[in-house]
Every structure is written in C-alpha cells, then in structure tokens.
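Q: Dumping the structure here so I can ask a few things about it.
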Amino acid sequence: MRVRPALVTSFAIAAFLFLSSLACLIWQPELERLKPFWEAGLILCSLLILGSYLRGKAPSLRTAPFLMLDILFCGAVFYLSYEGALNPDFIIKRPLGVGASFEYTFLFPLLVLAASLLCIKDAVNIFYGFTARGREALVFLGIRISAMLSIILLGGILFVIIYKGIWVINWEFLTQPHRRLGQAGGISTAILGSLWMVLGAMLISSPLGIGAAIYLHEYSKNERLNRLITIAVSCLNGVPSVVYGLFGLAFLVTLFGVSLLSGSIILGLINIPTIILTSQEALKSVPNSLREGSMALGATKWQTIRKVVLPSATPGILTGVIMGVAKASGETAPIMWTAVTFTATPVQMIYGIIPDLFQPVNNLNYHLLNLIYFLGAWDVEARAWGTALVLISLVLSTNLLAIVVRNHYRKKISW
C-alpha cells in the first residue's frame, strides 16, 4: 500500500498536537507561545486530511459526514482561538459559583487534544480505506496510547515525589522522631509504628483469609453457599475503608482503646477479602489431576491439601498476602480513630521484643496527613514530600517483593 506524503504529514502534525496539548494539560504552562503553532497545525492538518480523502477513493455517504464533522470541529477550535473567544480571561463557572471552574489553560489544550485525536482517527481510516483493518489499527493504537499514558502518569507522579522529597532524606530524618509538630527531626517513630501495625494486620488476616479460601474451595460442596459467600466477600472488598474505621471506633476502641491492637485488627479485617479472593484463584489454578493422584495413592484429604495443593498454590497465595500488606500500608481512614497519634512517642517494647499492643502509635500515613494540614502555617512542605517518598518506597518495595516471591515459587512448580 503506497503511503501518501500528505497523509503522513497530517499524522505527524496530529501527533504533535496530541503530545503538546497533553503536556500542557499536565504542567499548565503559558499558552501564548504555543497558540500560533496549534492554530497552524489545526488548519493545516484539516486541509491535508480533506485533500487526502478527496484524492483517494470516491467519497461515500457513509464516511463523508463523519469526516466533515471532524473537520468542522477542528475548524471551530481554530476559529475560537484565532478570533479571541478563547483567551487567557476565558473561564466557565458553575451557575451557583460552587465547585470547579474551567479556565483557558485547561479548556484550550483539552479542545486541541480532542481535535488531534479526531485527526489521527481520520488519517488512519483514510490510510486503510475505511475498512475493518483501519478500525483494528485504531483499536490497537488506542490501547498503545492508553498504556503509554499510564506509564507517563505513573512515571510523572514518581518523578515529582522523588524530586521534591529526595533532598530531605538523610540519616537523621530516618532515625530520629519528629519535633516541633514535624518542623524538625525525622519520622523514625512513624516508620516503626507503620511496620508493627502492618505486621499485626498480616498476622491477623493471613490465617483467616487462607483458611477461609481452603474451606470454600476444598471442603465446602454447597455451590449455592459458596457463591453467596464469594459475592459477600467481593462486596466487603469494595466497602470504603472509612466504614471500617467507623466500625473500629464503635467496637474495637471500646474494648482495646486507641491502640496498636485496634489498628492491626481493623487493617486485618480490610485485608481478609483480598486474601480470600486471591487464595481462591490460586487454589483453582492447581489441576485436579494432582488431587486425584494423591488421593489414589492413599493420602487423606488434609494430607493432599498440605503436601500437594498448598505448595502448588503458594505463589498465588503469597502474592495475595503481600498485596494485602501493601494495601494495608496505604490506608489512613481506618486507623485515624482507632490506633494513631501525632506525638513522637516511640513504640514501647515488652522484653525488648514484643510491642505493647495497648498503646497508640505514630504512622506514616497519619504523619503525612498532619503535615499536609500544616502546609502554609509552618515550613513542613519539604518534610511532607520526604515522608511521601518513604511511604511510597515502602509500598513499591512490598509490591516488588510480591513479584520476586511469586517468580521464585513458580520456578519450583513442575506441572
């Protein structure tokens, strides 16, 4: 298939409009320097696409109207910009003045982004002659763009956190408690409190979640009951964490007070649905032939589960447990009323090994939340970014550990 230069040029211009408008939506720079290039790109891209369409196969009643609408949209964006209707003073407000307002620095790049996507769609359709191959190419192009945008957004978030937080990271910041409401000192008590709380949540949720999954998949024969329990567990997995916090405040705090034990229990309850669902999927992945072979050799049901099924399902189960730990380490609402304090009190240890379960502890999430509250009143912005960097490093490290453990145990599976 011969590629027409005009079509390639229009695709390149549309790609420039897409990337530049997307960058402007993220960074919100001044648009006056880009405005002439966007206006020229919109009108030139529209003309090139129209010319390529007219020089190709004869226009049809099925495709021409949609192409004309896309070109009219690009022309409308060009007209609004060129005539000054879209200017730095342009703003759209809610009728009552409550809620978000949309300004020129957001609306103009958004319109250019939409126009660029329409131009890319038309260029691909014209190249493939409005056939099924063209629609397939558009779908794959959309998937690739979505993947690239996800990587760019994640990379951008990580870059901002690392760039703003790395300058405050030092030995004192990691090993000293905070002082003067977070304006001095470090986050050592928050790190230790988070680690003990997540460890307690894992010790509570792992046996209950794995045991429930084993019962549901290996022992229970009532399909209707299994389906009902699985639906209930899935619903619990979607319950907002603040609801768990309310439950903890109403029941756990009454029994144990604001303490490490209350926070560990409430985080464990949040983790149980995740561990049950992932463990069930891991157990389902074990072939029934392994169970049947073990039973045929005279093994009991429990021996088959312990010696055959669980070792084969270990990668998925451990991945679910560690992912639950990562989820628990990022929760703030459930522990605000049940476990945490902003005071830099170190975790009291019994016999130097076991933490005092009935004392409140500091926590990275709660510490960061309080630093955000203090922004503008005290000079804590750098320390807030440093705390966010440590927190996200712990979460990413936990997820990386899950991947390493899963790959390690997968290599040992021979079926």
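Q: Looking at this structure, is Val325 in contact with a His (Cβ under 9 Å, 6 or more places away or on another chain) and either at pLDDT 80 or above or under 22 Å from Leu394 (Cβ atoms) (or both)?
A: Numbers: in contact with a His (Cβ under 9 Å, 6 or more places away or on another chain): no; either at pLDDT 80 or above or under 22 Å from Leu394 (Cβ atoms) (or both): yes.
When the stated conditions are applied, Val325 does not pass them.
Q: Could you tell me whether any residue of the stretch 298-318 is touching a helix residue (DSSP H, G or I) at 6+ places or on another chain (Cβ under 8 Å), of a type in the set (A, V, I, L, M, F, W, C) and under 17 Å from Ala201 (Cα atoms)?
A: yes
Q: So which pairs qualify, if the first residue must be in the stretch 19-31 and within 10 Å of Val112 (Cα to Cα), the second must be surrounded by 14 or more Cβ atoms within 10 Å (Cβ to Cβ) and at pLDDT 85 or above, the Cβ gap must be under 7 Å, and the two must be at least 6 apart or on different chains?
A: As it stands, the answer is Ser20/Leu34; Ser21/Pro109; Ser21/Val112; Ser21/Leu113; Ser21/Ser116; Leu22/Leu113, since those pairs meet every condition given.
Q: Against the definition (open to solvent by 30 Å² or more (accessible area, probe 1.4 Å) and either under 26 Å from Asn362 (Cβ atoms) or touching a helix residue (DSSP H, G or I) at 6+ places or on another chain (Cβ under 6 Å) (or both)), how does Thr332 come out, yes or no?
A: yes
Q: Looking at Thr345, Thr319, Thr338, can you tell me which residue is at pLDDT 85 or above and of a type in the set (S, T, N, Q)?
A: Sole residue among the options that is at pLDDT 85 or above and of a type in the set (S, T, N, Q): Thr338.
Q: When the stretch 214-241 is examined, which residues are found to be under 26 Å from the mean Cα position of the chain (by Cα), part of a helix (DSSP H, G or I) and exposed (fewer than 14 other Cβ atoms within 10 Å of the Cβ)?
A: Answer for the stretch 214-241, where residues must be under 26 Å from the mean Cα position of the chain (by Cα), part of a helix (DSSP H, G or I) and exposed (fewer than 14 other Cβ atoms within 10 Å of the Cβ): Ile231, Ala232, Ser234, Cys235.
Q: Then there's this: Would you pick out the residues in the stretch 335-350 that are surrounded by fewer than 24 Cβ atoms within 10 Å (Cβ to Cβ), aliphatic (A, V, I, L, M) and in contact with a Gly (Cβ under 8 Å, 6 or more places away or on another chain)?
A: Met336, Ala344, Val347
Q: Among all residue pairs at least 6 apart or on different chains, which show Cβ distances below 7 Å where the first residue, located in the stretch 324-347, is more than 19 Å from Ala384 (Cβ to Cβ) and the second is open to solvent by 10 Å² or more (accessible area, probe 1.4 Å) and small (Gly, Ala, Ser)?
A: Within 7 Å, the pairs are Pro334/Ser241.
Q: How many residues, within the stretch 52-70, are modelled with pLDDT of 85 or more and either under 19 Å from Arg4 (Cα atoms) or of a type in the set (D, E, K, R) (or both)?
A: 2
Q: Considering each residue of the stretch 262-278, count those that are polar (S, T, N, Q) and open to solvent by 10 Å² or more (accessible area, probe 1.4 Å), and give that number.
A: Step one: of the stretch 262-278, the residues polar (S, T, N, Q) are 262, 264, 271, 274, 278.
In the following step, the residues that additionally are open to solvent by 10 Å² or more (accessible area, probe 1.4 Å) were identified as 274, 278.
Total satisfying the criteria: 2.
Q: Now a separate question. Does at least one position in the stretch 146-158 carry a residue that is touching a strand residue (DSSP E or B) at 6+ places or on another chain (Cβ under 7 Å), surrounded by 13 or more Cβ atoms within 10 Å (Cβ to Cβ) and over 30 Å from Leu42 (Cβ atoms)?
A: Checking the stretch 146-158: not a single residue is touching a strand residue (DSSP E or B) at 6+ places or on another chain (Cβ under 7 Å), surrounded by 13 or more Cβ atoms within 10 Å (Cβ to Cβ) and over 30 Å from Leu42 (Cβ atoms).
Q: In the stretch 276-308, what residues are part of a loop (DSSP other than H, G, I, E, B) and of a type in the set (A, V, I, L, M, F, W, C)? Let's see the steps before the verdict.
A: Start the filter on the stretch 276-308 by keeping residues that are part of a loop (DSSP other than H, G, I, E, B), which leaves 285-287, 297-300.
Passing the criteria: Val286, Leu297, Ala299.
Every residue, every condition in (1) closer than 23 Å to Gly156 by Cβ; (2) modelled with pLDDT of 90 or more; (3) assigned to a helix (DSSP H, G or I); (4) among the acidic types (Asp, Glu), yes or no:
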| residue | (1), (2), (3), (4) |
| --- | --- |
| Pro29 | yes, no, no, no |
| Trp38 | yes, yes, yes, no |
| Ser81 | no, no, yes, no |
| Ala114 | yes, yes, yes, no |
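Q: If Leu34 satisfies every condition in (1) in contact (Cβ under 8 Å) with a residue 60 or more places away in the chain; (2) open to solvent by less than 70 Å² (accessible area, probe 1.4 Å); (3) touching a Ser or Thr at 6+ places or on another chain (Cβ under 8 Å); (4) over 13 Å from Val77 (Cβ atoms) but one, which is the exception?
A: The one condition Leu34 does not meet is (1).
Q: With the structure loaded, tell me whether Ala190 is among the small types (Gly, Ala, Ser), over 30 Å from Asn288 (Cβ atoms) and part of a helix (DSSP H, G or I) or whether it fails that test.
A: Yes, satisfied.
Q: Please go through the stretch 347-399 and pick out each residue that is over 18 Å from Leu192 (Cα atoms) and part of a loop (DSSP other than H, G, I, E, B).
A: Gly376, Ala377, Asp379, Val380
Q: Let me ask another. Restricting to the stretch 189-213, what's the tally of residues that are open to solvent by less than 20 Å² (accessible area, probe 1.4 Å) and touching a Ser or Thr at 6+ places or on another chain (Cβ under 8 Å)?
A: Result for the stretch 189-213: 8.
Q: Here's something else I'd like to know. With respect to Met295, is the statement that it is surrounded by fewer than 21 Cβ atoms within 10 Å (Cβ to Cβ), more than 28 Å from Trp171 (Cβ to Cβ), within 30 Å of the chain's Cα centre (by Cα) and modelled with pLDDT of 85 or more true? Step through it out loud before you land on a result.
A: Values: surrounded by fewer than 21 Cβ atoms within 10 Å (Cβ to Cβ): yes; more than 28 Å from Trp171 (Cβ to Cβ): yes; within 30 Å of the chain's Cα centre (by Cα): no; modelled with pLDDT of 85 or more: yes.
Taking the combined requirement at face value, the residue does not satisfy it.
The values are calculated or read from the model by the stated rules, or taken from the named source; none is laboratory data. Keep in mind it's a predicted model, so treat the numbers as computed, not measured. Note that each Cβ is placed from the backbone with ideal geometry, even for glycine, and that neighbours are counted across all protein chains shown. Ligands, DNA and RNA are excluded from the accessible area calculation, which covers all protein heavy atoms including side chains. Shrake-Rupley method; radii C 1.70, N 1.55, O 1.52, S 1.80 Å.
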